[in-house]
Amino acid sequence: RSDVGGGHVKRKSPLVRGFTLIEITIVVVIMGVLAAIAYPMFSKYQCRAKQTEASSGLKTLYMAQDSYRGRNDNYVDAAAAPAILYPILMGYGRYTFPIVSADAVSFLARAEGRMGIDMQGDLWTVNEHFQLVNLTPNHCQ
């Protein structure tokens with residue numbers, strides 16, 4: 001015991017200690033490995049969520065085509081689509097929805113991922129029987 005300056009010297013308890021640099025480094029490395037494993041899965045699920053815009057837009061387009069055919073006995077063709085169908089598709093920013101073909105008894109529409117956007121190259125189709133097909137099923141792999 002020391003009485004220098006009239007004070008007492010306190011010793012640290014052997015039970016109280018901090019983390020070592022090695023322990024902190026190991027935790028950071030483990031967190032990095034877990035993040036590296038989780039990120040690809042997160043990206044895949046995020047891509048699939050974005051694809052719902054294509055299926056939703058094509059469903060809207062199908063319902064509009066079906067309604068138009070009920071009133072006019074034919075489907076809207078590509079020439080008339082911008083004035084009749086495309087206003088209902090406003091707000092779909094990742095895809096365009098061209099009418100590939102249309103006549104009195106059938107139609108085929110496509111959802112195409114826009115150029116320069118993360119969904120570029122993603123293709124979907126829908127027909128008069130509401131057969132919704134993903135032409136690029138590996139897009140979100």
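The values are calculated or read from the model by the stated rules, or taken from the named source; none is laboratory data. Predicted, not measured: the structure shown is a model, and the values here were computed from it. No Cβ is skipped: glycine too gets one built from the backbone with ideal geometry, and neighbour counts run over all protein chains shown. Quick note on the areas: whole protein, heavy atoms, side chains included, nothing else; ligands and nucleic acids left out. Shrake-Rupley method; radii C 1.70, N 1.55, O 1.52, S 1.80 Å.
Net charge in the neighbourhood of Tyr62 (other residues with Cβ under 11 Å of its Cβ; Lys, Arg +1, Asp, Glu -1) is 0.
Roughly how tilted is helix 21-72, in degrees to the nearest 10 and between 0 and 90, from the longest Cα axis of the chain? Value to nearest ten degrees: 20. Tally the DSSP beta bridges in the chain and give the antiparallel ones as a percent, rounded to 5. Here the share of antiparallel DSSP bridges comes out near 100 percent.
A 1.4 Å probe run over the chain, with the rest of the protein chains in place, finds 70 Å² accessible per residue.
FRET efficiency for Ser55 and Gln120, Cβ-Cβ distance as r, R0 = 30 Å, nearest 0.05? The partial results should precede the final answer.
On the way: r = 17 Å, r/R0 = 0.58.
Efficiency computed from Cβ-Cβ geometry: 0.95.
Measuring nothing but protein heavy atoms, the accessible surface of the chain at 1.4 Å probe radius is 62 percent carbon and sulfur.
How much net charge surrounds Ser43 when only the other residues with a Cβ under 13 Å from the Cβ of Ser43 are counted, with Lys and Arg +1 and Asp and Glu -1? Intermediate results must be reported in sequence, preceding the final value.
On the way: positive: Lys44, Arg48, Lys50; negative: Asp118.
It works out to a net charge of +2.
Can you match P(r) over Cα pairs in 5 Å bins from 0, in percent to one of these, [x] 2, 9, 17, 22, 22, 16, 9, 4, 1; [y] 2, 9, 14, 14, 10, 7, 6, 5, 4, 4, 4, 3, 3, 3, 3, 3, 2, 2, 2, 1, 1, 0; [z] 2, 9, 17, 20, 18, 15, 11, 6, 2, 0, based on a calculation from the structure here? Read-out taken from this structure: [y].
When Lys and Arg each count +1 and Asp and Glu each count -1, what net charge do the other residues less than 11 Å away from Gln141, Cβ to Cβ, add up to?
On the way: positive: Lys44, Arg48; negative: none.
Local net charge: +2.
Computed per residue of the chain from DSSP H runs no shorter than four, each worth -39500 (n - 2.57), the mean residue ellipticity at 222 nm is -14000 deg cm²/dmol. Note on Val133 and Ala35: the model spin-label points, each 7 Å out from Cα along the C-beta direction, lie 4.3 nm apart.
Contact order normalised by length for the range 28-141, with contacts defined as Cα pairs under 8 Å and 6 or more residues apart; what percent is it? It would help to have the intermediate numbers written out before the result.
Details: 163 pairs, mean separation 25.6, N = 114.
Worked out over the range 28-141, it gives 22 percent.
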